[in-house]
Amino acid sequence: MAVSSGIRAALAIQDFRRYALARFCATIAWQMLGVAVGWQVYAITGDPLDLGLIGLAQFLPFLLLVMPGGHVADRADRRLVMVGAYAVETCCVLVLLIFTVTSSQVIWPVFVAMALFGAGRAFWMPCGQAMTVNLVPKEMFASAVALNSTLFQTAAITGPALGGVFYAFGETALDSSGALLVYAVVIALLIAVLSLLISIRPVRAKGRGEATMTEFFEGLRFVWNRKPVLGAISLDLFAVLFGGATALLPMFAADVLHVGPVGLGVLRSAPGVGAALVAVWLAQRPITRHAGTWMFGGVALYGVATVVFGQSTSFVLSAIALFAIGCGDMVSVFVRHLLVQLETPDAIRGRVSAVSSMFIGTSNELGEFESGVTARWWGAEAAVTVGGIACLLVVGTYLRLFPELRRLDRFPEHAKSD
């Protein structure tokens with residue numbers, strides 16, 4: 001089946017169509033949220049460490065709850081788990097809305113709100129990764145993944161841009177805090193997400209066993225014993241941990257490039273543009289051979305582009321570098337997602353997705369904290385440049401540590417339920 005016809009067939013399935021639209025709206029919401037929170041906090045404190053603490057506040061509850069979240073995904077209705085998680089995140093945005101209305105200059109409520117966001121993410125992320133394969137026939141799965149990736153990256157483009165425009169519009173035309181308008185729009189989007197998810201049929205894992213401690217840690221054991229899977233998800237962890245630049249974008253926009261909140265929105269959208277174009281390309285020409293080579297190449301491009309961004313003082317060059325970061329990241333994400341989901345039996349897919357989510361979440365949030373700390377020590381430009389170099393060193397190290405991943409050619413066949 002051609003990928004384009006597979007996408008049309010997947011969209012003909014009502015539950016998948018609603019699920020894909022819900023994820024699209026949710027991604028726009030949290031992309032807008034990222035622009036508003038980062039700019040608002042940096043405008044209040046002017047301290048890059050606070051940008052890092054936003055990531056740390058999300059990381060701690062995420063780390064504690066993501067494994068239980070994966071276990072719940074394999075024991076309960078995955079649809080209802082996602083509904084509950086997004087309801088928690090709606091409360092997170094309400095806290096930010098109240099914080100903004102009160103014009104508080106004490107930012108600890110922001111960290112409380114982002115901790116709630118991290119808690120919700122610990123449950124919806126493994127569920128979201130495990131759920132697509134339950135909504136479409138296995139022959140449509142690669143097409144569904146390509147479509148989800150395209151929608152995600154489209155939202156990653158439009159979300160930050162909308163966040164920056166709404167923020168600037170709120171400050172100028174409405175003569176109020178720009179964050180207030182952004183948070184109101186985000187709440188409306190999350191309400192739409194909840195409505196779409198509730199309308200989907202119940203989704204439960206196949207072949208569920210008894211709830212024991214052995215079952216709880218089955219995902220970790222599975223990943224450890226599948227070296228290509230372990231290599232793929234841990235490569236992402238270390239690459240993004242050292243090479244992440246997005247946490248410092250408010251600092252670059254304000255102090256290095258001098259482009260304001262609209263420029264910040266453009267910068268945050270640039271990786272999404274690159275990733276979306278690659279996702280469209282993968283939808284038409286999915287990777288079927290030399291998967292390991294493609295993954296290492298994508299992460300290497302990510303590292304090189306990060307170094308360029310760290311050294312750039314030109315808005316155009318910085319946007320191009322971020323565009324290249326998105327291209328490299330999309331290739332590695334596509335390979336990793338197909339490898340993990342096709343290798344894993346459905347009975348433990350939630351727990352394995354939780355392990356994958358833990359690695360990804362750790363890299364994103366700890367990477368933001370690491371960037372904030374090193375930016376305070378060395379400045380933003382040096383922090384990002386050193387991080388990009390470290391990312392390239394990780395690629396070189398993993399080429400030796402995981403020869404099974406380096407030599408991976410074709411993806412495994414769709415795993416059957418035990």
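The values are calculated or read from the model by the stated rules, or taken from the named source; none is laboratory data. Note that the structure is a prediction, hence the values are computed from the model and not measured. Glycine gets a Cβ as well: all are built from the backbone with ideal geometry, and neighbour counts include every protein chain shown.
The residue list L264, L301, L249, L241 contains one member that is out of contact with any Lys or Arg (no Cβ under 7 Å at 6 or more places or on another chain), over 20 Å from V395 (Cα atoms) and not aromatic (F, W, Y), which is L264.
Among the residues in segment 69-86, are any in contact with a helix residue (DSSP H, G or I) (Cβ under 6 Å, 6 or more places away or on another chain), over 21 Å from R201 (Cα atoms) and touching a residue at least 40 places away in the same chain (Cβ under 8 Å)? No, segment 69-86 has no match at all. Within segment 329-344, one or more residues are among the charged types (D, E, K, R), surrounded by fewer than 22 Cβ atoms within 10 Å (Cβ to Cβ) and modelled with pLDDT under 75. Screening segment 38-52 for residues that are out of contact with any helix residue (DSSP H, G or I) (no Cβ under 6 Å at 6 or more places or on another chain) and not hydroxyl-bearing (S, T, Y) and picking the one that is nearest to A161 (Cα to Cα) gives A43. Residues in segment 106-124 include none that are under 30 Å from A9 (Cα atoms), of a type outside the set (S, T, Y) and in contact with a Pro (Cβ under 8 Å, 6 or more places away or on another chain). Only a single item in (1) touching a Gly at 6+ places or on another chain (Cβ under 8 Å); (2) modelled with pLDDT under 85 is not met by F123, and it is number (2). Taken as a whole, the structure places G34 among residues that are more than 23 Å from F217 (Cα to Cα), within 16 Å of the chain's Cα centre (by Cα) and not hydrophobic (A, V, I, L, M, F, W, C).
Among the residues of segment 368-386, those identified as at pLDDT 85 or above and either within 21 Å of the chain's Cα centre (by Cα) or crowded, with 23+ Cβ neighbours inside 10 Å (or both) are A383, V384. Residues that are surrounded by fewer than 19 Cβ atoms within 10 Å (Cβ to Cβ) and closer than 15 Å to A29 by Cα are absent from segment 120-135 altogether.
Among the helices (runs of 4 or more DSSP H) confined to segment 158-257, the ones with at least 1 residues that are modelled with pLDDT of 80 or more and closer than 21 Å to E343 by Cβ are located at 218-225, 227-243. Do any helices (runs of 4 or more DSSP H) entirely within segment 1-107 hold 1 or more residues that are surrounded by fewer than 18 Cβ atoms within 10 Å (Cβ to Cβ) and in contact with a Leu (Cβ under 7 Å, 6 or more places away or on another chain), and if so, which? Answer list for segment 1-107: 14-45, 78-101.
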